[in-house]
Structures are given as structure tokens and as C-alpha cells.
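**Q** Take this structure, written in C-alpha cells, and hold onto it; I'll ask about it next.
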Amino acid sequence: MSSDVKPTKGSPVKSVDMHVGEIVPGVPKKDPIIVADHVTRTFGGLTAVDVDHVEIPRNAITALIGPNGAGKTTFFNLLTGFDKPDTGKWTFMGKSLAGIPSFRVARLGQVRTFQLTKALSLLTVLDNMKLGAKGQKGENMFVALLPWLWRKQEEEIEAKAMELLARFKLDTKAEDYAASLSGGQRKLLEMARALMSDPTLVMLDEPMAGVNPALTQSLLDHILDLKTQGMTVLFVEHDMQMVRHIADWVIVMAEGKIVAEGPPDAVMSNPAVIDAYLGSHHDQDLGEDPDQEKENVNAIKELLDADDKS
Amino acid sequence: MEVTGLIDRRWTRPLVALFAILIVALTLGGGLSASADSINDDSDWQIKGNVKNDGEPLGGVLISVSGNGFTGEVKTGDDGKWSVGVPEGGKYTITLDESTLPKGVIVTDKDGVVIPPTREVEFGATKTALSNYFLGVGVRETTSFFDQFIQRIFTGLSFGLLLALAAVGLSLIFGTTGLNNFAHAEMVTFGALATLTFAVDFAWPLWAALIVAIVLSGAFGFVLDAGLWRPLRRKGVGLIPMMIVSIGLSLALRYLYQYLYGGSTRQLPGADGADLKFGPISLSPLDLLSMGISILAVIGVAFFLLRTRLGKATRAVSDNVSLAAASGIDVDRVIRIVWVIGGALAGLSGILFAFYRPGVSWDMGFQILLLIFAAVTLGGLGTAFGAVVGSIVVGLFIEISTLWIPSDMKYVGALVILILVLLVRPQGILGRKERIG
Amino acid sequence: MVDFWQIIQNAGVELISPTTAAYALAALGLAIHFGFTGLVNFGQAGFMAIGAYGYGISTLTFHFPVWGAVLVGIGASIVFALILGVPTLRLRADYLSIVTIAAAEILRLIFTTNTLEAVTGSADGLSGYKGGFADLNPIPDGTYGFGPWTMNAYDLWLRIVAWTIVIIACLLAWQLMRSPWGRVVKGIREDEDAVRALGKNVYFYKMQSLILGGVFGTIAGMIFILPRAIVPANYATTLTFFIYTILLLGGAATILGPVVGSIIFWVLLSAVSGFVARAQAAGWFDLIGMSSVQAGQTRFILVGIVLMLLVIFRPQGIFGNKKELAFVK
Ligand SMILES: Nc1ncnc2c1ncn2[C@@H]1O[C@H](COP(=O)(O)OP(=O)(O)OP(=O)(O)O)[C@@H](O)[C@H]1O
Ligand SMILES: [Mg+2]
């Protein structure tokens, strides 16, 4: 499959000069699509998210990075209405989203993917795609009974789905169950499905995790392509190489807070960011990171053994 | 067409609450009450009697009959007669509702001495049992509402504690394997049936029968895990299919019990001890013993979970199976032990329930299965201590609610509470929320 | 000797009996809930009870005409679905199962309590509500059919109505499930968060599905009482479990599965229990000391075992897609 991928020539064109004034965490943007204020979320005693102020620039690719358990996924959940914050409010294109349920957020044009891929296994790849389309008449239960009312729209949606699938090199799989796809293909499908709704802002939670290197390049191209189509992208990623390659702006989270932001090169040489990664050893996330896992395993072992001595 | 927003939380919550209140109000109001002077005429077993006030028959007196899982109410006809068909022989409790008598008239014996309005009848050689009431003028020292309340609290505690034993086992199994085990009811019945077999059919001393029954119950849990659930886990069967397997198992076992033991209710020895009086509370020594045993067992489980290595391993498995496995915990062994403990606790709970009802029958576990589930859900699925709290809430609620609602509706209250609590705290009383994404 | 011809004839009766139709319709409702939407509804018996009592009480207490009684039943089941769904459809799947089973049991206890005897007939139930339905019968009196399917005009009328309803319900469900609505609902079964992220009001779709399948169950409850009386004990949890057995026999996410499942279930159940009863009477089981009462109980033991074996060895049912099996967890 990798042989089909068009190699990107040179570096992508970066958007620059999006902020106003000095670059500090929470710096205002010239044209923000999301503005969040005082968003906090605690789990028991743990403060997972504590974002004072952050703005996401429009029509740019913003990377959200940070060590395991920094609160990136939780922040995504909050922004998209999948979780409720303890405090705080935020706007999407000037509209306040606090308290808006997740499906409405998606309808407003802010769609997301999940860190743990959510392919709808027992639906065909094509049905997965069709589900993504907005404003389907046949999704009303009563209209559904009258197929002539929605058949034409269905055909249009199918054409669009096939076109997108072709772009993501999944068109040969259209009639297969999504369950039969590989992990990387599922990531692609999830992203393609999200695009079916013509979103304004695409939020990708670790789109590259688990994707083999051959596919990575094509995924990167897709993400860059979104920007040229006028969309805004916010994505979480652990691979710094990739972040450096495609992001226009980078926001760094650690222990729930925004600790730094700026253009990729500047951020990566920022000592605060290195500190954040080094100082992350006491978090409690049970992520895929093998070292992290080992640490947790050891903690449990210690707990178990403590009593044998007594 | 935009179809959203039709179902809006703001008004749906009050709506549900309103409906629940409506159900309770309907039952409380009692606007519609029993009017026949006989029910279940076609039943083989009949309890009959008449009510006479100073030698004259008295109509419209409310009589209720309960026992062996049956409850029924009749009003005497103008000839003072009443009859109630019951499903089987055995002992029944008859109560004359004195509030339906003319003012100043109460239950007496033939000689006009005041006696309690509640009595027991037992079928003898025939399928008809008689219970006549004589009335006369007199005053009764009634138990005050407060005293009844205290009494109910104790009965409720005792019931709640025995529920807790079954609920903790169910909760541990759910926590470690994710299985909603519907066949837990049959594990409860198993303990009672085993006791019955050894104590009555083999005529062993009760203490020996009890020990053997509990050991067998634990072994039953072991066999179920090793013979059925572990192979299914190996096969990678999903949780909902597993739950349906447990439903099939429950059906098969329950009717197998009926096949083997028949449909009647039988008594364990020692079920009829005299009551002890503690102020307003009257408790049988059995009630006290039952509460004591339940408390000890719950403390035992708590000690196991909090203080032993295996208990901690169990909690680790409940928390995160793959992490526990990676820490070198033998997950299969932990689950096996949980099944043994769950089985033994369920069996013990069944034995205590047999004394509480009283009686052993093939579907006794199934009768309280929903209450066990309600308790586990109330406490928060998968949290063992939540299950104890949930059970006590359910037990207390059921007993206390009978002060206001008819006793054949007492389970309704508990189930309504379950639904209401889920409205306010979906994760249960002690549960925690899940993460998304 | 054991009269096999009689056993086959009795089993044949079940092939088109209204009871088979009622279970098929109830199972189809459950297919919409469980097979297509992934809602674990353990309260289908409650929906059936609402149909039975809604129809019976409207007819007997309020003297409603047939159509009025049917509408009352359907209205009540929609209200019931709302009450069940509002608190639980936002929660994890296992909560729905416990709340629905509890709600169905609450209904049964309310229908059984002596307090409401004047309306519900308490444990004795209700009868004498069939007049209105019989009056609608356009078929002249007489004997119809042949062999095991010999019946009078009322029975023929009842079978025609029952199976017509089943066919209409199947067509309705079939059309829905191949529409975009069906796609959303199946998506919810697979992963509701994913569907939510695509801008669908998951809660609302689940509610629609719960109501639709519930109404099917309610109408099934009405068909169920036309050949018999209303007895509250019929609506215990075991009824729901039987319907699950039927559903899984046919295939949970299929339209024809519930119908064929119901036919197979009843024909087999009749044949097996007929055989066991007759064989016991003929003394075949004397070796294990089976009594005639015990012979009657074996059918429940068998249903339980069949349910287990089905789920373990053929989870997709008879009609389920083989291709799906590879991915069924
Ligand atoms: N539902 C929850 N209940 C309890 N704690 C939670 C929950 N969700 C997240 N957390 C905790 O909040 C913190 C932030 O988690 P989050 O998933 O947002 O991290 P992340 O930045 O996405 O990490 P990763 O890079 O590993 O995906 C972690 O410590 C995690 O354990
Ligand atoms: Mg994350």
C-alpha cells in the first residue's frame, strides 16, 4: 500500500505569525477558533485538567503534546462535550460550548477521533463512512420508512464516501466489515469518517499511534491536506518528529496545565518542556508506554509484598 | 426534520419522579381494596373461618393470610364468613385488621379475654384449616408506631445483612470477571437445599449439616467456574453472551431443583424458636444468630479484601485485569477463589434466608435475585462494600415500607428506589465513573 | 405405547398458533432492542403485560372498543418505555438490563397485588374481554382447515390477524434496518461514543428503538391473551428469558430469525414435552423414577440448557450472518 503514497515534496508550508504579543502560555491569537478559560477537571484528588486560558488558531495545524497522563485526552473530552468540567467555559467560533452535549458539538462542525480507535466493527467500511454524513433525511424514523424520500441523498452520500475512501486507500475494503481492518486502517477509517461531515475543526487524538511507518506518511499528507481545504486541525501526538514536521503551532500540557506554547522549533528547545517530560514520572496514567506500565506494575508488587512481612 | 431536544433532561427527571410517587400514592391510597369474602376458591387448600361479635356474625372485616410465599386478603361476608385458597399446606399467619371493626370492639377469646388479632394456623390431616374469631368490647394496648418502626428496623437489618452475603459474592464476581451472574439465585437456593438434605433427609445434627452445606456451596462455585465460566472466558465469549448463558444456567438449575425436590416448601429444624423481648423489639434467637453470623461473614470478607495478599490481588484484578496479570498475579486463580467465596457466601445467605422466610423451596433464591441485583447496583456495580451498603438499604427499605404499603407490594418499593437512585447517582452509592476516549 | 403421530400433530398445531405469533412478535421487538441497537432489555415481559392488561382493563373496566383498547395499550407502553429509558439510556448497558428486569417485575407485582383486585383481578387475573375482537370476525361460523390445523371461525380469525400483524411488523423492521435510521442504530450497538462523535443524538435514537421494540412487545402481549385468559404469573421474568432463547435461536440481528426461532421453539417444545409426558406414562422413565409432574418440568430444564448451548456454540443463531461470526465477541 505504501507504494501508492505520494511522497510529499519538501516541507509543508507553515502558517506563521498567528499570535498577538509576546509568546507565553495562553497567548492570544489573531484569529482563534477555540478560546477556553479556567477549564478544570478533577478525578477524586487528582487534577487532570487545569487550563487557565488557551486559544487555538483557525486554519492551522496545532499539536497538543505532553507526557502520559498530562490531561490531553481529558481536555479533548471536555472540549467536545464527552466529559463535564468542574469549572470553566469555552467558545467555538464565538459560540459558547459549555454544557452543550457532545453530539451537538459535532453538529456545529467540531469533530473528533479517539485515542483508542472506535471503528464500528460489525458495520461495513462503507456504512461506517455513510454514518458520518450530516443532515441525513433517512435518519428520521418516519422518513426512513419512505425510501423514495432519502434514496437520492443516500446515493450522493455514497459517492462522497467512496471518493473519501479512495483518498484514504480504503476503497477496496468498502464492503468488508470494519472489524476486518488492521489497526492502522481503522485509524484511517475513523479519520475519513470524521471528514464525511465536512467539519470546521478536526480534533485527532493520537492519529499516528499504532500506525505502521508506511501508512504514517500518507496520514501526515491527509492532515496537511485538511488545512489546504480550509479546515483547522488540533491533534495530540507523542512523536516529536512528526509534530515538528506538520504542526504550525504547538501547545504543551503537563499535569493538566498549559506549560508552554509556540511554533514547533521554539517550543522544543524550551527548557520548561523538557522539564515537563522529565518531571512526569509520578503521574498515574496507565497508558501504553511500557515504562509507565512497568512502574505501575512495580507499585502493585510493592503493595502486595508489604503485608507478607507484617 | 430536527428531532433533538424532544427529550430534555430538565423535565424528564421530575416526570419519572412523579410517576414513582404516583405508584406509591396509588398503593398507599388503598382506594381499591379487597371486596370478596373468598379468594382462590379453586385451590385445593382452603383456610376458612367466621367472625362473630357477641354471637352475631359481622361482615366487612378485613382478614389477611400469609405464609409460604403467599399473601391474600378477604373481607368477611354478611354471614361473617370468609375463606382463602392457598397454594399448598403448611403454616400460615392470619391477621384480623382491627381497624375494620366497629369502634371499641376487639379480638377476644370465647370467654371475652383480649387476645392478639394475629395467629397461626397449620393444615392438619385435611386440606381445610379453620380459624374463627370472637370479638368483644375491650381495649388493646397497641404497639405504638415508634415501637413498630424500631421492630422493622431490626427485621430489615437482619434481612439486609443476609442479602449482603449474596450481594458481596455477586459483586466480587462481577468485579473480577465482568459477569452479571443471574444464576447467583440458584447458588443461594443451593445452600438451603443442601442444608435441608443433610439436616432433614439424612437427619444429621443441624450444625453438621450447616457446615457441610456451606462447604458444598463453595465447591459448587468452584465447579461452576472450572466447568463452565473458565472455559467460556478462554473461548473469549463476550460479557453479554455470558450473562445470557447465566440466564440459561439459572433456568436449568432452578427447574432441576424443582424436579429433584418438588414444588413444596419445607422447614429446616429449629425454625420455630420462642421470641425474646428487648423493650419494644421482639426477636427470635435465630434472628440474632443470623445477624451475628452475617456480620461476622461480612467482616471476614472485609478482612480478606483489605488485609490478605490474596484479597489485595482480588482488588487488583477488579481494578484492571491486564495490569494485575502483568504484575504476576495469577488471575485465573483469583477468579477461582472469588467463585468459591461467592458460592459459600451465597449458600450461607440461602440458609439464613430459609430461616428468615421461613422455609426452603426450589425458587427461593430467584425470589430475591432482583433484590440482590438492586443492592449491588445501588452500591455501585463491582464494589464489594457498596454491595453491603446497598443490601442494608434495600433490607431496611423493604421492611420499613410495610408500615405504609401492603406487604405484597413491599418489593415494589425497593425496586422503585433502585430506579430513583440511579437517576441521581448513576454510578451507584459507592461506585465511580468510567473514563471515555 | 407412545403415540408418535399424536405428538407430531400436537407439534404441528404450534406451527401457526397465535402463541407462536405472539412470541415471534415479542422476539422481533427484542431483536430491535438487543440485536440491532444493543439495548439489553430484560423487561420484555413487562411490555407484554402492559399489552395484556392495557387491553383487558380498557375493555372490562372502561368498556372501550377494540381499537380504543389497543391504543391504550400502545400508549401505556410508550409511557413505560419513556420511564425506563429516561434514567437508564445514558448509563452503561448493564444498568439498563437491571432496571428493565426490575421494572417488569414491579409491573407484575402491581398487577398481582390484592390492593388493586377490583381492576386487575389480582392473582386470578382477567377474562371475558374477547367479545369485541370476536364481533369483528367477518368469517362465517363453521369448521376450517385440515389435520392438526382444524379450527373454528374465531381461531381462524385470530390466526389471520396475528400472523398479518407479524408480517407487517417484519416488513416495517426490515425497511427501518436498511435505512439510514437503521445504520445509526446499528452504529450505536457497536460503539455509542463513536456515533455521538459523528453528531447523532444517541440518547434519542436509543429511546426510539426502546419504544418501537416495546410497542411490538405490547402488541404481542395482546395477541398472547386472545386465545387464553390474563394471568399475572405468565409475565414473570421467565417469559423474557424464553423470548431471548427464541431470539438467539433465530439470530439476534435478523428480521426473520425471531419468527423462525419462535416456530422452531414452540414446535420443538411441544414435541419434546409431548414425548417426555407420553413416554413417562408408558413407563419408559421408570428406571430413573420420573413422575408425571417431573415429566412436565423437564421442558424448562431443556430450554435452559438449549439457551446456554446456543450462546456458546452458535451465537449468531440460525439466520445470523456467518461472516459476522468471525468478529462476534
Ligand atoms: N475517568 C477517569 N477517572 C479517573 N481518572 C482519570 C479518568 N480519566 C483520566 N484520568 C486521569 O487523568 C489524568 C489525565 O489523563 P489523560 O487521559 O487526559 O492523559 P493523556 O494526556 O491523554 O495521556 P496519554 O498521552 O497517555 O494518552 C491521568 O492521570 C488519568 O489517570
Ligand atoms: Mg490520551
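The values are calculated or read from the model by the stated rules, or taken from the named source; none is laboratory data. Every value quoted in this text rests on a predicted model; they were computed, and no experiment measured them. Here the Cβ is made from the backbone with ideal geometry for all residues, glycine too, and neighbour counts use every protein chain on show. These area figures cover heavy atoms from the full protein model, side chains too; ligands, DNA and RNA do not enter into them. Shrake-Rupley method; radii C 1.70, N 1.55, O 1.52, S 1.80 Å.
**Q** Give just the number: which of (1) surrounded by 24 or more Cβ atoms within 10 Å (Cβ to Cβ); (2) touching a Lys or Arg at 6+ places or on another chain (Cβ under 9 Å); (3) farther than 19 Å from B:ALA213 by Cβ does B:VAL360 not satisfy?
**A** So B:VAL360 meets the others, but not (3).
**Q** For segment C:272-282, indicate whether the set of residues that are modelled with pLDDT of 85 or more, more than 12 Å from every other protein chain (Cβ to nearest Cβ) and not in a helix (DSSP H, G or I) is non-empty.
**A** Within segment C:272-282, one or more residues are modelled with pLDDT of 85 or more, more than 12 Å from every other protein chain (Cβ to nearest Cβ) and not in a helix (DSSP H, G or I).
**Q** Another question, then. Show me the strands (runs of 3 or more DSSP E) found entirely inside segment B:64-117 where at least 3 residues are over 21 Å from B:VAL137 (Cα atoms).
**A** Details: elements: B:70-75, B:81-86, B:91-96, B:105-108.
Correct list: B:70-75, B:81-86, B:91-96.
**Q** Here are some residues: B:LYS110, B:LYS103, B:LYS91. Which one is without any contact (Cβ under 8 Å) to a residue 12 or more places away in the chain, out of contact with any Lys or Arg (no Cβ under 7 Å at 6 or more places or on another chain) and over 23 Å from C:GLU117 (Cβ atoms)?
**A** Details: B:LYS110 fails: without any contact (Cβ under 8 Å) to a residue 12 or more places away in the chain; B:LYS91 fails: without any contact (Cβ under 8 Å) to a residue 12 or more places away in the chain.
Exactly one residue qualifies, and that residue is B:LYS103.
**Q** Let me ask something additional. State the number of residues belonging to segment C:246-269 that are buried (at least 24 other Cβ atoms within 10 Å of the Cβ) and either in a helix (DSSP H, G or I) or at positive phi (or both).
**A** Adding up the residues that qualify gives 12.
**Q** Residue by residue through segment A:119-138, note down the ones that are open to solvent by less than 40 Å² (accessible area, probe 1.4 Å), farther than 18 Å from A:LYS169 by Cα and not in a loop (DSSP other than H, G, I, E, B).
**A** Just the residues of segment A:119-138 that are open to solvent by less than 40 Å² (accessible area, probe 1.4 Å), to begin with: A:119-126, A:128-133, A:136, A:138.
Narrowing the set further to residues that are farther than 18 Å from A:LYS169 by Cα leaves A:120-123, A:131, A:133, A:136, A:138.
Hits for segment A:119-138 are A:LEU131, A:GLY138.
**Q** Could you tell me which numbered condition B:ALA374 fails, if it satisfies all but one of (1) open to solvent by less than 10 Å² (accessible area, probe 1.4 Å); (2) not in a helix (DSSP H, G or I)?
**A** (2)
**Q** A follow-up question, please. Before we move on, is B:LEU96 of a type in the set (A, V, I, L, M), under 30 Å from B:SER361 (Cβ atoms) and open to solvent by 70 Å² or more (accessible area, probe 1.4 Å)?
**A** Values: of a type in the set (A, V, I, L, M): yes; under 30 Å from B:SER361 (Cβ atoms): yes; open to solvent by 70 Å² or more (accessible area, probe 1.4 Å): no.
No, not satisfied.
**Q** For segment A:115-132, name all the residues that are within 16 Å of ligand 2 (Cβ to nearest atom) and more than 7 Å from chain C (Cβ to nearest Cβ). Quick ask: steps written out before the conclusion?
**A** Taking segment A:115-132 as the starting set, the residues that turn out to be within 16 Å of ligand 2 (Cβ to nearest atom) are A:115-118.
Across segment A:115-132, the qualifying residues are A:GLN115, A:LEU116, A:THR117.
**Q** Separate question: If I ask for residues that are at the interface with chain C (Cβ under 10 Å from one of its Cβ atoms) and part of a helix (DSSP H, G or I), which ones from segment A:139-148 would you list?
**A** The first filter runs over segment A:139-148 and keeps only residues at the interface with chain C (Cβ under 10 Å from one of its Cβ atoms), leaving A:139-147.
Residues satisfying the conditions are A:GLU139, A:MET141, A:PHE142, A:VAL143, A:ALA144, A:PRO147.
**Q** Say we look at segment A:186-227 and pick out the residues that are more than 21 Å from A:ARG244 (Cα to Cα) and open to solvent by 30 Å² or more (accessible area, probe 1.4 Å); which of these is modelled with the highest pLDDT?
**A** Out of the qualifying residues, it is A:THR200.
**Q** If the Cβ limit is 8 Å and pairs must be 6+ apart or interchain, which residue in segment C:112-127 that is in contact (Cβ under 8 Å) with a residue 60 or more places away in the chain and over 15 Å from C:VAL231 (Cβ atoms) pairs with which residue that is of a type outside the set (S, T, N, Q) and in a helix (DSSP H, G or I)?
**A** C:VAL119/C:ILE57
**Q** Output the residues belonging to segment A:50-66 that are more than 7 Å from ligand 1 (Cβ to nearest atom), crowded, with 24+ Cβ neighbours inside 10 Å and either within 14 Å of chain B (Cβ to nearest Cβ) or not in a strand (DSSP E or B) (or both).
**A** Result: A:LEU64, single match.
**Q** Kindly indicate which of B:GLY248, B:GLY236 is within 8 Å of chain C (Cβ to nearest Cβ), farther than 20 Å from B:LEU345 by Cβ and open to solvent by 30 Å² or more (accessible area, probe 1.4 Å). Can you show your working first?
**A** On the way: B:GLY248 fails: open to solvent by 30 Å² or more (accessible area, probe 1.4 Å).
On inspection, the qualifying residue turns out to be B:GLY236.
**Q** Which number in (1) part of a helix (DSSP H, G or I); (2) open to solvent by less than 30 Å² (accessible area, probe 1.4 Å) marks the one condition that C:ALA123 misses?
**A** Every listed condition holds for C:ALA123 apart from (2).
**Q** Which residue, of A:VAL236, A:VAL243, is modelled with pLDDT of 55 or more, within 14 Å of another protein chain (Cβ to nearest Cβ), buried (at least 17 other Cβ atoms within 10 Å of the Cβ) and within 16 Å of ligand 2 (Cβ to nearest atom)? So that I can check it myself, show each step before the final result.
**A** Working: A:VAL243 fails: within 14 Å of another protein chain (Cβ to nearest Cβ).
The conditions single out A:VAL236.
**Q** Another question, if that's okay. Considering only residues that are within 26 Å of B:SER250 (Cβ to Cβ) and at pLDDT below 95, which ones fall in segment C:186-227?
**A** Correct list: C:ARG189 only.
**Q** OK, next. For segment C:72-102, which positions are within 7 Å of chain B (Cβ to nearest Cβ), of a type in the set (A, V, I, L, M) and open to solvent by less than 10 Å² (accessible area, probe 1.4 Å)?
**A** C:VAL86, C:ILE98, C:VAL99, C:ILE101, C:ALA102
**Q** Let me ask you something else. I'm told B:LEU381 meets every condition in (1) modelled with pLDDT of 85 or more; (2) outside any helix (DSSP H, G or I) except one. Can you identify the failing condition by its number?
**A** (1)
**Q** Condition first: within 16 Å of ligand 2 (Cβ to nearest atom) and farther than 18 Å from A:VAL111 by Cα. Now tell me which residues in segment A:155-211 satisfy that. Steps first, answer last, please.
**A** In the first step, residues of segment A:155-211 are kept if they are within 16 Å of ligand 2 (Cβ to nearest atom); the result is A:187, A:190, A:203-211.
A:ALA209, A:GLY210, A:VAL211 - these are the residues of segment A:155-211 that are within 16 Å of ligand 2 (Cβ to nearest atom) and farther than 18 Å from A:VAL111 by Cα.
**Q** Residue check: is C:GLY147 in contact (Cβ under 8 Å) with a residue 40 or more places away in the chain and more than 30 Å from C:TYR244 (Cα to Cα)?
**A** Working: in contact (Cβ under 8 Å) with a residue 40 or more places away in the chain: yes; more than 30 Å from C:TYR244 (Cα to Cα): yes.
Criteria met by C:GLY147.
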